[in-house]
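For reference, the structure is listed below as structure tokens.
The values are calculated or read from the model by the stated rules, or taken from the named source; none is laboratory data. Computed from a predicted model, the values in this text were never measured in an experiment. Methodologically, a virtual Cβ is constructed for each residue, glycine included, from the backbone with ideal geometry; neighbour enumeration extends over all protein chains shown. The area values use the complete protein model at the heavy-atom level, side chains included, leaving out ligands, DNA and RNA. Shrake-Rupley method; radii C 1.70, N 1.55, O 1.52, S 1.80 Å.
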Amino acid sequence: DVIALDLPGFGLSDAFDYSGRPLRSHAVAQLTSLLDALELDRVPIVGTSLGGMWALCLAVEAPNRVAAVGSLGVPAVALPGMHADPGFTALSIPVVRQILARIGSPTVTITRRTMAGGVIGPRGAEKAPEGFFEVVHEGFRQPGFRVAMLTHIQLALRFGRPRPENFLS
């Protein structure tokens with residue numbers, strides 16, 4: 001069985017504001033709560049970007065609950081030495097974030113180019129199935145996405161640098 005989870009505020013989940021939460025402990029609490037609700041003791045977890053970071057956080061904090069981790073693309077900014085892509089860096093600067101928050105969602109073409117340049121890389125973008133980028137683009141357009149993304153970035157980065165409290169080692 002495969003269970004697909006939309007993280008709070010992303011995909012088709014309800015809107016969510018990450019402000020004022022410690023990101024790592026929040027990720028662990030959310031995933032632990034899900035596993036408990038589904039009565040699952042130990043599972044493999046696969047995530048991309050933020051989902052990859054959440055999976056790694058759970059593996060570090062509750063290794064008895066995680067059989068394996070698959071992280072597709074960059075697991076957000078959870079590892080020392082990793083750098084955010086230019087778009088996330090811009091969103092971590094307060095004045096720039098306010099300006100960008102007023103701009104609409106990127107086009108499908110920009111989404112493809114951005115993901116090829118960072119999150120999934122050029123080979124991943126080349127091998128993506130038909131319609132993949134359109135689905136990702138629609139996710140960006142969901143009502144809760146903007147607040148969830150902006151508040152998550154604020155907790156993950158400060159002026160383009162990953163916040164040390166989120167590092168995994």
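Structure notes:
- Taking each DSSP H run with n ≥ 4 as -39500 (n - 2.57) and averaging over every residue of the chain yields -13500 deg cm²/dmol at 222 nm.
- Approximating the spin labels as points 7 Å out from Cα along Cα→Cβ, the ALA4-to-ASP17 distance works out to 3.0 nm.
- Note that the stretch 157-167 has calculated 3J(HN,Hα) couplings of 10, 9, 6, x, 10, x, 6, x, 5, 9, 5 Hz, one per residue in order, obtained from phi through the Karplus relation 6.51 cos²θ - 1.76 cosθ + 1.60 (θ = phi - 60°); glycine and proline are x.
- Each of ASN64 and THR109 was given a label point 7 Å from its Cα along the Cα-to-Cβ line. The distance between the two points is 5.4 nm.
- Contact order normalised by residue count of the stretch 3-68, Cα under 8 Å, 6+ apart, percent: 28 percent
- Accessible area per residue, Å², the chain with all protein chains present, probe 1.4 Å: 59 Å²
- Karplus-derived 3J(HN,Hα) values for the stretch 13-20, using 6.51 cos²θ - 1.76 cosθ + 1.60 with θ = phi - 60°, are 6, 5, 4, 8, 10, 7, 3, x Hz; glycine and proline are entered as x.
- Pairs of Cα atoms nearer than 8 Å and 6+ residues apart set the relative contact order; for the chain it is 33 percent.
- Here the accessible area of the chain is 60 percent carbon and sulfur, with a 1.4 angstrom probe and all protein chains present.
- Computed log₁₀ I(q)/I(0) - Debye formula, equal Cα scatterers, no solvent, the chain, q 0.10, 0.11, 0.14, 0.18 Å⁻¹: -0.37, -0.45, -0.76, -1.30
- For the stretch 50-67, the Karplus equation 6.51 cos²θ - 1.76 cosθ + 1.60, evaluated at θ = phi - 60°, returns couplings of 4, x, x, 5, 4, 4, 5, 4, 5, 4, 6, 7, 9, x, 5, 9, 10, 7 Hz by residue, with Gly and Pro reported as x.
- Residues with amide H under 5 Å from that of LEU157, placed H, sequence gap 5 or more: ARG163
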